[in-house]
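Contents: one structure, followed by commentary.
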Amino acid sequence: MFLKAERVNILGITVDAYSMQETVEQIRQAVEGQVPIRVVTANPEMIYASDRDQRLKKLINSAEVVTADGIGVVWAARRLGTPIRERVTGIDLIQAVFPVAATRKWRLFFLGGNPGVAELAANQVVSKHPGIVWDTGNGYFSSEEEPQVLEKIRRFQPDILLVGLGAPRQEYWIAEHPGLAYVSVGVGGSFDALAGVVIRAPKRIQELHVEWLYRLWKEPRRWQRQSVLPRFVLKVLWQRLRRQTP
């Protein structure tokens with residue numbers, strides 16, 4: 001029986017108020033109950049984009065689980081009257097799933113990243129969590145190569161499919177190819193971090209919820225993406241004001 005969580009409407013996207021532990025429990029129940037689900041980790045950038053893209057909005061809202069990917073989403077939920085206890089980012093979520101997957105010997109397919117990165121990430125994961133059965137594919141496949149990629153995934157029969165093709169491409173791709181796994185999750189650039197290609201912010205910076213600032217310092221080219229944040233904040237405040245206006 002799946003847990004029921006409150007949902008908060010943020011710019012038209014309904015985000016689940018699940019904690020990290022509750023989200024992992026949703027995934028466990030889906031795998032063990034053999035119930036296919038899609039998990040979308042919705043960050044401010046994706047939510048803001050969906051406000052102008054009805055197709056993307058429909059895609060996100062049709063997912064069985066939509067998590068608060070980032071402190072900006074947690075902040076928005078609080079301002080809109082439905083507090084979310086914690087952020088559930090893509091990389092933190094899958095790292096919380098790995099110990100459960102190892103204990104139960106689940107089959108995980110890592111799809112995405114530059115050639116060799118998914119394999120390196122999987123090797124790093126399994127070195128810490130032996131018991132996981134895995135296979136990989138890189139994210140740079142052409143439309144002509146896609147049937148072979150799909151066949152490889154189907155032959156492997158994963159319990160969980162981790163797709164790191166970048167948002168929202170990965171969300172569209174997962175929706176266009178249902179039934180590949182019991183749980184399909186878009187994980188963005190998580191493989192780079194798992195492989196050690198990109199170094200995450202120190203734990204203290206993560207706890208202070210300013211990891212985005214650390215990443216901007218390390219990767220200045222991200223400034224265009226981060227510029228969405230103030231616009232996201234203004235739209236959330238406008239949504240709150242409209243609710244309060246008689």
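Descriptive notes on the structure:
- Only one of [x] 53; [y] 62; [z] 58 was calculated from the structure for percent of Cα pairs over 22 Å apart, and its label is [x].
- Diffusion constant of the stretch 51-186 at 4 °C, which comes from Stokes-Einstein with the Kirkwood Cα-pair radius and 1.567 mPa s, µm²/s: 80 µm²/s
- Non-local lysine pairs in the chain, meaning eight or more places apart or on different chains, with alpha-carbon distances under 25 Å, amount to 8.
- Most to least packed among 12-22, 43-53 [average Cβ atoms within 10 Å]: 43-53, 12-22
- Each Lys or Arg adds one and each Asp or Glu subtracts one; over the other residues with Cβ under 12 Å from the Cβ of Gln21, this totals -2.
Bear in mind these aren't lab numbers, they're just calculated from the coordinates by the rules spelled out. Nothing here was measured: the structure is a model prediction, and the numbers come from that model. Cβ coordinates were reconstructed from backbone atoms using ideal geometry, including for glycine residues, and neighbour counts include every protein chain displayed.
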